[in-house]
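Notes to accompany the following structure.
None of the figures in this text is laboratory data; all of them are computed from the coordinates on show. Keep in mind it's a predicted model, so treat the numbers as computed, not measured. Note: ideal-geometry Cβ built from the backbone for every residue, glycine included; neighbour counts use all protein chains shown.
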Amino acid sequence: MKRRTFRALRSRLEPAQHHSVYVVLLDPSVARLRKVRLENPARDPSKPCVYVGMTGLPPEERFANHKAGIKASSVVERHGIELLPELYEHLNPMPFQAAVEMEKDLAEDLRRLGYTVTGGH
């Protein structure tokens, strides 16, 4: 009898589309960071500072992990306020590769709209 591995069993049980993109509202003080200013030369000061990420977890759980310092982005751990589901809920869920691309696209789109964006690798 063939040995079954946990990964093989999990891949059969989990849906292929369980990845998500998410957007976190950041404290406005993030806009004073040099790296953030350089990444957002055309930022609109009236629009919020946000972090764009992707995850295989539910966005709420991923945000909680950031705040707890678990595989955290330092900017979200220190300056994250809340999730902004109105900016990402309509996009989720999706397969892994689509989430990788969507993270970049969403960050670029928000930056183009004047948001101060970090993340979105």
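Structure above, values below:
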read-out	value
Taking THR116, THR5, THR55 and counting other C-beta atoms within 10 Å, the order from fewest to most	THR5, THR55, THR116
CD proxy at 222 nm, helix term only [per DSSP H run n ≥ 4: -39500 (n - 2.57); per residue of the chain; nearest 500]	-11000 deg cm²/dmol
Of all DSSP beta bridges in the chain, antiparallel share, percent nearest 5	75 percent
Cα radius of gyration and Dmax for the chain (Å)	16.3, 63
Rel. contact order, % - alpha carbon contacts under 8 angstrom, at least six apart, the chain	40 percent
